[in-house]
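Laboratory data are not the source of any read-out in this text; all were calculated from the coordinates shown. Keep in mind the model is a prediction, meaning the values are calculated, not measured. Every residue, glycine as well, gets a Cβ built from its backbone with ideal geometry; the counts of neighbours run over all protein chains shown.
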Amino acid sequence: MVGGERQVRNTFIYLLPTLVGGMLPIVSLPVFTRILTPEDWGAWALALAYGAFACSIANFGLVVSYERNFFQYSSVRDRSALLYSSLAFVIFALLVFGVLTWSFQHELARAITGSSTNGSLLFWVFCATGLTSLKAYYLTYFRNTQDARAHSKYSITENVLTVLFSLLFVAYFRVGVIGLAAGQLLGGALVLSVLVIRSLRRLPFSFRGTLLVESLKLSYPLAPRLLLNVFSTQFDVYIIGQLGSVGGAGVYAIGQKIANLVFRFMTALQNVFAPQVYERMFARAEGAEDTVGEFLTPFAYISIGAALLIGLFSEEAVTLLTPGSYHGATAIVNVMVMYYGVMFFLKQPQLMFAKKTFLISVFSVVGIGFTVGFVTVGTRLLGPVGAAWGMLASGMVSALLYTVVGQRYYPIRWQYRRMGMIFGLFFASTILILGMNTLGVDYAVRVVTKIALALLYLGLGVHIKLVSRESFSVLRKAFVLRSS
């Protein structure tokens with residue numbers, strides 16, 4: 001299979017867990033939202049925020065340094081030592097945080113969710129999130145070795161098991177919101193166990209302190225950045241719970257969950273383009289032509305196309321999936337898809353390639369300041385929807401600063417005209433639909449407008465030669481079964 005066809009095929013293979021992992025929780029929402037109240041969802045979202053924050057500290061940025069340093073070694077022994085040394089450090093750190101969380105669960109729950117009765121929920125959500133963070137190292141290994149099938153298989157299996165177990169605990173046993181944590185924990189534990197057994201068979205265990213120290217030297221400047229990044233992405237839920245209500249945080253969490261399909265989709269595409277971006281960067285350092293910008297444009301078009309569709313039809317999705325008490329999430333979806341759209345630029349590893357990890361952390365500190373400021377003001381003025389606007393404003397400023405400085409250390413020759421048309425039409429269309437929903441324009445008019453905007457975006461792809469007979473031919477050939 002030629003390179004382009006393999007790339008397309010891997011893209012769809014990586015998209016499978018995104019589709020399954022994104023759609024299963026969405027499809028199950030009609031069950032969960034009719035059993036769990038907005039207050040339950042709010043407590044769950046706040047517990048997730050704590051779990052993500054604590055696990056980010058425990059991982060110390062090692063998953064990023066592992067991804068980069070992986071390409072410095074070619075032998076199985078070195079790559080095994082790099083993987084297991086990183087995992088050993090993270091497991092120890094997670095155990096420390098686990099003990100602390102268990103010991104102070106009631107105090108933490110009171111401070112974060114407003115009720116000490118959520119202590120057990122907080123602890124079990126942390127455990128489930130910790131297992132997920134360990135799985136990330138194995139999935140990174142599959143991605144770096146371009147084993148898309150294994151990456152997809154284990155991701156899908158965990159997603160299916162998590163939803164099934166969660167439905168069992170919440171809908172059948174009626175244990176309440178803690179059933180979501182139990183489902184995630186059991187699903188993650190089973191898949192991680194299989195990954196550990198598989199890796200030990202193929203990659204003999206080896207711990208090498210020198211490799212761990214080398215990774216820590218690269219990751220420790222990143223640790224504050226990753227920690228602050230998690231804080232900035234979870235701060236919106238936290239501040240809504242503090243300045244508004246836990247129920248408001250629950251409605252926001254539902255809107256965020258639907259909009260997050262954009263980020264999951266973009267991350268699936270990143271699994272395809274990230275290793276190749278690194279390879280092109282290293283090749284350019286050795287004198288090859290710079291092709292990174294041209295290579296990334298189709299991925300931007302596809303990513304933003306998914307964001308546009310979710311934004312256009314968010315009203316229909318929220319209405320079909322949830323009862324009336326959650327319908328305020330529609331506007332949140334509209335705004336958050338724009339936020340996740342600009343995250344495309346923050347996924348580019350210019351500063352990481354240049355080993356400017358300290359600068360990445362500096363940007364994170366600056367970014368968290370913008371997030372706290374914009375989200376706090378937005379929440380006070382407009383409630384949960386204001387928090388979403390605050391996240392968008394913060395994301396746009398952060399993406400602009402990161403890109404400008406990144407261009408200084410590794411200039412990507414972006415196709416500015418094409419990228420401007422893609423993002424310009426995306427923002428104009430999403431804001432137009434948001435305004436029509438707010439003003440109460442007749443639904444028939446809104447539907448016709450949504451379809452017209454979707455077709456216009458497709459037409460843009462044809463105009464800038466990203467949608468063509470040649471691209472469809474590559475798609476077709478990528479899925480033609482060939483004899484080995």
ask   = Given [x] 184; [y] 211; [z] 151, which label gives volume of the Cα convex hull per residue in Å³ as computed from the coordinates?
value = [z]
remark   = For the stretch 272-382, shape from the Cα gyration tensor axes a ≥ b ≥ c, cut at a/c of 1.5 then a/b versus b/c, turns out oblate
remark   = The local net charge around residue 45, scoring Lys/Arg +1 and Asp/Glu -1 for residues other than residue 45 whose Cβ lies under 12 Å from its Cβ, equals -2
message = Suppose every Lys and Arg Cβ carries +1 and every Asp and Glu Cβ carries -1, with no other charges. What dipole size does the chain come out with about its Cα centre, to the nearest 20 debye?
response = 1140 debye
note = With residue 242 itself left out, Lys, Arg at +1 and Asp, Glu at -1 over residues whose Cβ is under 14 Å from its Cβ give +1
query = Along the principal axes of its C-alpha atoms, what lengths does the stretch 9-220 span, in descending order and rounded to whole Å?
reply = 52, 41, 24
message = Given a Förster distance of 45 Å, report the FRET efficiency between residue 201 and residue 286 from their Cβ-Cβ distance, rounded to the nearest 0.05.
response = 0.80
note = From the cross-link list 153/355; 257/450; 355/465; 135/347, the entries with a Cα-Cα span beyond 26 Å are 153/355; 355/465
inquiry  = Rounded to the nearest 20 debye, what is the charge dipole size of the stretch 154-236 about its Cα centre when +1 sits on each Lys and Arg Cβ and -1 on each Asp and Glu Cβ?
reply    = 320 debye
query = Relative contact order for the stretch 224-484 using alpha-carbon pairs under 8 Å, separation at least 6, rounded to a whole percent?
reply = 26 percent
note = Charge dipole of the stretch 9-220 built from unit charges on the beta carbon (Lys, Arg +1; Asp, Glu -1), centred at mean Cα; most positive-end Cα among 33, 119, 132 is 132
message = Between residue 100 and residue 171, what's the calculated FRET efficiency when r is the beta-carbon distance and R0 is 30 Å? Round to 0.05.
response = 0.35
task = Using only the Cα atoms of the stretch 224-484, build the gyration tensor, take square roots of its eigenvalues as a ≥ b ≥ c, and label the shape rounded, prolate or oblate: rounded if a/c is under 1.5, else prolate if a/b is larger than b/c, else oblate.
result = oblate
remark   = Summing -39500 (n - 2.57) over every DSSP H run of at least 4 in the chain, dividing by its residue total and rounding to the nearest 500, the 222 nm mean residue ellipticity is -28000 deg cm²/dmol
remark   = With label points set 7 Å from each Cα along the Cα-to-Cβ direction at residue 431 and residue 110, the distance between them in nm comes to 4.6 nm
Net charge, residue 116 excluded, C-beta distance under 9 Å - Lys, Arg +1, Asp, Glu -1 = 0
message = Using Cα-Cα distances under 8 Å and only pairs 6 or more residues apart, what relative contact order does the chain have, in percent?
response = 21 percent
query = What length, rounded to one decimal in nm, is gained on full extension from residue 73 through to residue 445, with 0.36 nm per residue of separation minus their alpha-carbon distance?
reply = 128.1 nm
inquiry  = Sequence gap at least 6, Cα distance under 8 Å: using those rules, report the relative contact order of the stretch 248-314 to the nearest whole percent.
reply    = 43 percent
key: Order of 132, 210 under a 10 Å beta carbon neighbour criterion, fewest first   = 210, 132
